[in-house]
Amino acid sequence: MEEAKRNKFPLSKGAALFVAMLASSISHGDLFDSGKVLATGGVSMIDGAGGGGITPWATITGYATKEGINGDLHYTYAPLANYTLHSVGAAVGFWDRFELSYTSSSLTTGSTFDTLGLVFDTVGGLTDSVAGLPISTGIEPFNTTIDMEVIGAKVRVFGEAIYDSDNFIPQVAVGAFYKTNKNDELLTTLGADKTKDWEAYISATKIFFPINTLINITARYTAANQTGLVGFGGPDGSDKEIRPEISLAYLLRKDTVIGVEWAKHGDNLNGQSVEIAGLDLTSLQPTLETLGLSNVAGTLTQNESDWYDAFVAFFPNKNLSITMAYAMLGNITLTPDQHGFYLSLQASF
Amino acid sequence: MKQLFRTIAITFMLCVAASPSFSQTGKTGTYPPIDSDAVEQFGGPEGVRNWVEGLFYYIMLDNRINHVFREFGNIERQIYLNTQLVQLVLGGDVEYQGASMAAAHADLGITLTQFNAVVEAAYNSCERIQLTYEACNQLIAGLAPYKHAIVTR
Ligand code: HEM
């Protein structure tokens, strides 16, 4: 504390105070707690919050009860047909009340954007002369990667997901994400309104032990396109809307849970083509045809589908969970049928 | 009219009185209800007794909680009373002769971590006596609401 007093900067003073508080809690007992029953901390959803695979739950991540804090590191790998998602991050649950999370996602895009990149390169000279400017679309001929950072916070408001088997009152939490997509140029090309935005959600989670079932219902208030990987909003702006999400899980064994999820997605960019320097690419259609690239035209209209997945989560112990899923994400921007396997690992400490 | 009002008031008071204190007089009312053959799934009263013995075996192996039982408990009495209580919450036709959960645990300052440790022992005992996970969860559902009475810290 002497150190902190001499410090000029309020921020580091605050940090020192926080560390001192942590240190004093440690001396009062064990700050780290892993008192939850196996599996009841849930897994890490792709935005980094505690939950299922694609939906945040009302449970606070990690194994701490109200007596301590507990955190986890998570990594998710989803090789879809034309895109591959890697997402890595960390989350901490405080006193089974409050949760903070950080996740960095990268989506490497495959053949579609490669083709598009080639098209842009080919017609580049032409569009340059039309617009009178050198143009950057954010799409490279090969290996366009979309990067996004997600910061999340969640507070459990009331209710008891696990032990109140004698009533219907679920555990309810509210949370928010702040998402920063790093690909300004690409998002402009795709017609998204914003690259950074927040979203908020309310989740209700309840376990029904007599039927070995967990139900989670979430309402997310958002303008995201593909969770923000394709930015937020579209040509009509980025007004948020409420989108429902549901997870249904069956407790198969004390260390194994299977289930399905559904998350409603928006339609901000539906029917939207690709724009280069304010030019809708459909106006380039004749050019593409002369270049013998007319076959690409069919893929130049974007669409977004609701997300579905079916998962099995395995908890060999309180330090590790392994979630495998089949994700059915439908149309992602220009490419339909984006289905594929999904693997998510969570290490708790 | 007065009669009606009194009936409503009494019914209301009974409901309020009955729910939070959770007295040990019968099957736990859960949503959805516990299976009607739950005691049979456990192998009848004998099976329940086996499960309770297994429970205390695992409790006494767990350093997070065994000291509480060593200091304040009476294992033989607790096995006897828990065998009654478990049958009762599962819908068995028995009388529970022990203290209420609130009274029995009031002075122990039990934490949720300790309560969860007993739940983990409960699952271990289910596995040890070859009970299905589904049958085990009937019991977890039946005992879960006692959390409010037992966890006081
Ligand atoms: C759902 C969980 C639990 C159930 C069903 C349960 C049940 C019981 C029962 C039936 C008794 C006997 C009451 C009597 O003597 O009349 C008892 C006593 C006792 N329980 Fe529990 N218990 C639970 C959780 C716990 C936990 C988590 C602890 C501590 C970590 C604990 C520690 C004790 C002790 C020390 C006694 C003896 C108290 C005394 O004789 O003064 N119990 N419990």
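Numbers below:
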| read-out | value |
| --- | --- |
| Whichever residue in the stretch B:84-105 is assigned to a helix (DSSP H, G or I) and more than 9 Å from the ligand (Cβ to nearest atom) and, among such residues, is nearest to B:Arg153 (Cα to Cα) | B:Ala102 |
| Which numbered condition B:Gly98 misses (of (1) under 13 Å from the mean Cα position of the chain (by Cα); (2) within 12 Å of chain A (Cβ to nearest Cβ)) | (2) |
| B:Asp62, sole failed condition from (1) surrounded by fewer than 18 Cβ atoms within 10 Å (Cβ to Cβ); (2) within 15 Å of the ligand (Cβ to nearest atom); (3) without any contact (Cβ under 8 Å) to a residue 24 or more places away in the chain | (3) |
| Selection count, the stretch B:112-127, where residues are facing chain A (nearest Cβ under 8 Å) and aliphatic (A, V, I, L, M) | 3 |
| Leading residue by the ranking (surrounded by the most Cβ atoms within 10 Å (Cβ to Cβ)) among those in the stretch A:320-340 that are out of contact with any Asp or Glu (no Cβ under 9 Å at 6 or more places or on another chain) and at pLDDT 95 or above | A:Thr323 |
| Number of positions in the stretch B:106-121 that are over 16 Å from B:Cys136 (Cα atoms) and near the ligand (Cβ under 7 Å from one of its atoms) | 4 |
| Given (1) within 14 Å of another protein chain (Cβ to nearest Cβ); (2) crowded, with 19+ Cβ neighbours inside 10 Å; (3) among the aromatic types (Phe, Trp, Tyr), number of the condition A:Tyr250 does not satisfy | (2) |
| Matching residues in the stretch A:193-212 - criterion: being more than 14 Å from chain B (Cβ to nearest Cβ) and within 26 Å of A:Ile246 (Cα to Cα) | A:Lys196, A:Asp197, A:Trp198, A:Glu199, A:Ala200, A:Tyr201, A:Ile202, A:Ser203, A:Ala204, A:Thr205 |
| Enumeration of residues in the stretch B:66-83 that are surrounded by 15 or more Cβ atoms within 10 Å (Cβ to Cβ), near the ligand (Cβ under 8 Å from one of its atoms) and not small (Gly, Ala, Ser) | B:Val68, B:Phe69, B:Gln78, B:Leu81, B:Asn82 |
| Selection from the stretch A:168-189 of residues that are small (Gly, Ala, Ser) and more than 15 Å from the chain's Cα centre (by Cα) | A:Ala173 |
| Neighbours by Cβ (under 6 Å, 6+ apart or cross-chain): first from the stretch B:110-138, free of Cβ contacts under 8 Å to residues at least 12 places away in the same chain and part of a helix (DSSP H, G or I); second of a type in the set (A, V, I, L, M, F, W, C) and within 16 Å of the ligand (Cβ to nearest atom) | B:Asn116/A:Val37; B:Asn137/A:Phe209 |
| Answer residue from the stretch A:31-56, given it is in contact (Cβ under 8 Å) with a residue 60 or more places away in the chain, closer than 16 Å to A:Phe98 by Cβ and part of a loop (DSSP other than H, G, I, E, B) and is farthest from the other protein chains (Cβ to nearest Cβ) among those | A:Gly48 |
| Scan of the stretch B:78-97 for residues that are without any contact (Cβ under 8 Å) to a residue 12 or more places away in the chain and farther than 16 Å from B:Gly43 by Cα, ordered by number | B:Tyr80, B:Glu95 |
| Selection from the stretch A:147-169 of residues that are of a type in the set (Asp, Glu), touching a Ser or Thr at 6+ places or on another chain (Cβ under 8 Å) and within 10 Å of chain B (Cβ to nearest Cβ) | A:Asp166 |
| Residues satisfying the stated conditions in the stretch A:142-175, i.e. of a type in the set (Gly, Ala, Ser), within 26 Å of B:Asn137 (Cβ to Cβ) and open to solvent by less than 20 Å² (accessible area, probe 1.4 Å) | A:Ala161, A:Ser165, A:Ala173 |
| Filter pass, B:Tyr133 being in contact with a Lys or Arg (Cβ under 9 Å, 6 or more places away or on another chain) and away from the ligand (no atom under 14 Å from the Cβ) | yes |
| Residue list for the stretch B:128-153, filter: more than 7 Å from chain A (Cβ to nearest Cβ), more than 11 Å from the chain's Cα centre (by Cα) and more than 18 Å from B:Glu46 (Cβ to Cβ) | B:His148, B:Val151, B:Thr152, B:Arg153 |
| Number of positions in the stretch A:163-183 that are assigned to a loop (DSSP other than H, G, I, E, B) and out of contact with any Gly (no Cβ under 8 Å at 6 or more places or on another chain) | 5 |
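The values are calculated or read from the model by the stated rules, or taken from the named source; none is laboratory data. Treat the numbers as computed from the prediction; the structure is a model and nothing was measured. No Cβ is skipped: glycine too gets one built from the backbone with ideal geometry, and neighbour counts run over all protein chains shown. All accessible areas refer to the heavy atoms of the entire protein, side chains included, with ligands and DNA or RNA removed. Shrake-Rupley method; radii C 1.70, N 1.55, O 1.52, S 1.80 Å.
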